[in-house]
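The values are calculated or read from the model by the stated rules, or taken from the named source; none is laboratory data. In this text the structure is predicted, and so the values were computed from the model without any measurement. Methodologically, a virtual Cβ is constructed for each residue, glycine included, from the backbone with ideal geometry; neighbour enumeration extends over all protein chains shown. Note: accessible area is taken over every heavy atom of the protein model, side chains too, but ligands, DNA and RNA are not part of it. Shrake-Rupley method; radii C 1.70, N 1.55, O 1.52, S 1.80 Å.
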Amino acid sequence: MRTLLPVGDSAQTPDDTTDVHAHYATNWIENGGVRVNFVSSVDGSATVEGKSRGLQTPGDNQIFAALRDLADVILVGASTATKEGYQPSRPSATRQAKRAEYGLSPFPASAVMSASLNIDLSSKLYSDASPQAPTLIITSSTAPLARRNDIIDLAGGDRGLQLLEAPSVDGGGVDFAHAAAELRSLGYRRILCEGGPRLFSAGLLSRAVDELCLSITPMLTGPGSPTITAGDEWPEDFLPQLTLTGLLTEDDALFCRYRVRH
């Protein structure tokens, strides 16, 4: 892994490789915020055969792990959590030590956003949650009462499961900015959002996203593939602008770090 930007990056080691944790910790550990991580092909596809795994490279996997190591909580949409088989994050002892270097708890929490609460509570992301690696379910004020009660009943005792409620936005979705504020109020200052595309769009529209970390895989997937944004059409005057603050490369792949201008 080599650093292209910023020139003279302190994360560049004497042997011309990059300390990935140091690169992504700069202006993040101190400030926190909402960071979004995606991988895409050169022609903009977010998936291959419906999953992001077909786009992953060794470098992308390294950065994926490092971003998790630098997060207080990993936020994901319910459909992405199901499709990608999410489980509570329990990093190795080596990665726990790396988290400790940056003053973080041994395990990051997980947070799932779902307006409908149409989720399988028997899946490991919920059934294996613990106080050390909790799962927070964030829903809207219009979510079905019966489903909310199911989660509240399951969350009793020391299961590590918690239900958070945010206001509903037009169309019935969850207010992303309010959800992020709720997480921060619980001490989760460094929020890593891993998608999916609808959740990313919701975060952008709410102006709550601070940073995009985008891995660009040297591959073309062809017409018709989904991109890293999805959902309802954006307002005509809404075109988020990005500032490139970091750029790494390995095996012809690019790893971009963008600041979202507000």
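Using a 1.4 angstrom probe on the protein heavy atoms only, could you order LYS51, LYS124 from most to least accessible area? If you can, show how the numbers build up before the last one.
Numbers: LYS51 80, LYS124 110 Å².
Order by accessible area, largest first: LYS124, LYS51.
As an exercise, take the mean of 1/r over every pair of distinct alpha carbons in the stretch 19-164, invert it, and state the Kirkwood radius in angstroms. It would help to have the intermediate numbers written out before the result.
Working: mean 1/r = 0.0604 Å⁻¹.
Result for the stretch 19-164 stands at 16.5 Å.
Over the residues of the stretch 117-182, compute the C-alpha Rg and express it relative to 2.2 N^0.38 Å.
Working: Rg = 12.0 Å, N = 66, 2.2 N^0.38 = 10.8 Å.
The stretch 117-182 yields a ratio of 1.11.
Rolling a 1.4 angstrom probe over the protein heavy atoms, how many square angstrom per residue are accessible across the stretch 207-259?
Values: 3050 Å² over 53 residues.
Value returned for the stretch 207-259: 58 Å² of accessible area per residue.
If I stretch the segment between SER10 and ARG261 completely, what's the gain in nm (0.36 nm per residue apart, minus their alpha carbon distance), one decimal?
Details: separation 251, 0.36 × 251 = 90.36 nm, distance 2.42 nm.
Fully extending the segment from SER10 to ARG261 adds 87.9 nm.
With the Cα gyration tensor of the stretch 14-70 giving a ≥ b ≥ c as the square roots of its eigenvalues, does the rule (a/c under 1.5 for rounded; else a/b larger than b/c for prolate; else oblate) give rounded, prolate or oblate?
Values: a/c = 2.61, a/b = 1.55, b/c = 1.68.
Taking the square roots of the gyration eigenvalues as a ≥ b ≥ c, the stretch 14-70 is oblate.
Quickly work out the ARG148-to-ALA181 label distance, labels modelled 7 Å from Cα along the C-beta direction, and quote it in nm with one decimal.
Distance between label points: 1.8 nm.
If I model the stretch 137-262 as equal point scatterers sitting on the Cα atoms and use the Debye formula, what is log10 I(q)/I(0) at q = 0.14, 0.19, 0.20 Å⁻¹?
Calculated log10 I(q)/I(0) at the listed q: -0.79, -1.18, -1.25.
Modelled label-to-label distance, ASN118 and VAL42, 7 Å Cα→beta-carbon offset: nm?
3.9 nm
Could you work out the helix-only [θ] at 222 nm for the chain, with each DSSP H run of four or more residues adding -39,500 (n - 2.57) and the total divided by the number of residues, to the nearest 500 deg cm²/dmol? Working shown, then result.
Numbers: 8 runs with 66 residues, N = 262.
-7000 deg cm²/dmol, from helical runs alone.
Pick from LEU136, LEU205, LEU125: which is most flexible by mean-square fluctuation in a GNM of the chain where alpha carbon atoms under 10 Å apart are linked?
In the Gaussian network model the winner is LEU205.
Report, ordered by chain and residue number, the lysines lying within cross-link reach of LYS51, taken as a straight Cα distance under 16 Å and ignoring same-chain residues fewer than 8 apart.
Straight-distance partners of LYS51: LYS83.
Between THR17 and LYS83, what FRET efficiency follows from the Cβ-Cβ distance if R0 is 51 Å, with the result rounded to 0.05? Intermediate values should be presented prior to the final figure.
Numbers: r = 34 Å, r/R0 = 0.66.
It comes out at approximately 0.95.
D for the chain, whole µm²/s, Stokes-Einstein with Kirkwood Rh over alpha-carbon pairs at 4 °C and 1.567 mPa s: what number?
On the way: Rh = 18.9 Å.
For the chosen part, D equals 68 µm²/s.
How large, in percent, is the carbon and sulfur part of the accessible surface of the stretch 98-257 at a probe radius of 1.4 Å? Provide the component values of the computation, followed by the final result.
Details: 3920 of 7630 Å².
Carbon-and-sulfur percentage of accessible area, whole number: 51.
Of the GluC sites (Glu not before Pro) in the stretch 154-262, which ones lie in a loop per DSSP and count no more than 13 other C-beta atoms within 10 Å?
On the way: sites: GLU165, GLU182, GLU194, GLU211, GLU233, GLU236, GLU250; in loops: GLU194, GLU233, GLU236.
Of the GluC sites (Glu not before Pro), the ones in loops of the stretch 154-262 whose Cβ has at most 13 other Cβ atoms within 10 Å are GLU233, GLU236.
Normalised by the residues of the chain, what does the relative contact order come to in percent, with Cα pairs under 8 Å and at least six apart? Don't jump to the answer; show the numbers that get you there.
Numbers: 514 pairs, mean separation 70.9, N = 262.
Rounded, it is 27 percent for the chain.
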